[in-house]
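For reference, the structure is listed below as structure tokens.
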Amino acid sequence: MYERILVPLDGSKVGEAALPYVEELVAKLTPNHKVEITLFQVISSLAYYVVAGEASVPVPYTERELKPIKQRARNYLNRIGESLKSKGAVVKTRVSAGKAADEIIKAAEEINADLVAMSTHGRSGLSRWALGSVTDKVLRAGKVPLLIIRAPKEEKQK
């Protein structure tokens with residue numbers, strides 16, 4: 001049964017599309033089973049660019065510069081976790097820095113996850129090729145079962 005679920009989030013509404021499904025799963029599993037949810041965010045922008053004329057140079061963030069970014073991520077995850085806690089789940093948070101897909105796969109292995117639940121933008125064709133798909137990479141390289149939720153298309157601005 002699903003006792004340890006990893007839920008990667010990127011801070012967007014699209015990224016949160018899997019949460020209602022995880023909440024429903026938790027509600028059905030508890031109180032008969034202990035369910036531990038790890039909310040996870042990867043900081044993938046590890047450098048900023050200094051531009052001088054037409055040239056630009058990537059400058060990596062220092063650990064001191066990353067500290068407030070990681071704290072904002074933890075605050076976000078804690079806020080999101082309140083709803084899951086009210087359903088009876090034990091909620092943990094985790095923040096990492098690196099390539100999103102690699103970090104998700106690594107975190108799933110480290111916490112011994114039974115399931116990874118994440119959303120996808122559902123891109124195809126050229127946009128998928130250009131932007132890549134974290135979900136696709138996790139699906140192909142990960143060893144943990146994956147619950148993929150297609151995020152609803154956002155309504156166009158009027």
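Just so it is clear, none of the values below were taken in a lab; they were calculated from the coordinates. The model shown is predicted, which means the values in this text are computed figures rather than measured ones. Glycine gets a Cβ as well: all are built from the backbone with ideal geometry, and neighbour counts include every protein chain shown.
Once the Cα-Cα distance is subtracted from the 0.36 nm per residue extended length, the VAL51 to GLU3 segment shows a gain of 12.5 nm. In a simple Cβ point-charge model (Lys, Arg +1; Asp, Glu -1; nothing else charged), the stretch 4-150 has a dipole of about 220 debye relative to its Cα centre. Computed over the chain, the per-residue total of -39500 (n - 2.57) for DSSP H runs of n ≥ 4 gives a 222 nm mean residue ellipticity of -12000 deg cm²/dmol, rounded to 500.
Distances between every pair of Cα atoms in the chain, grouped in 10 Å steps from 0 to the bin holding the largest one, split as 10, 36, 33, 16, 4, 1, 0 percent.
Of the residues GLU3, GLU36, the one with the fewest other Cβ atoms within 10 Å heads the list, and the complete ranking is GLU3, GLU36. When ARG64, ARG140, ARG4 are arranged by Cβ crowding within 10 Å, least crowded first, meaning fewest neighbours, the order is ARG64, ARG140, ARG4. Relative contact order of the chain, taken over Cα pairs closer than 8 Å and 6 or more residues apart, is 33 percent.
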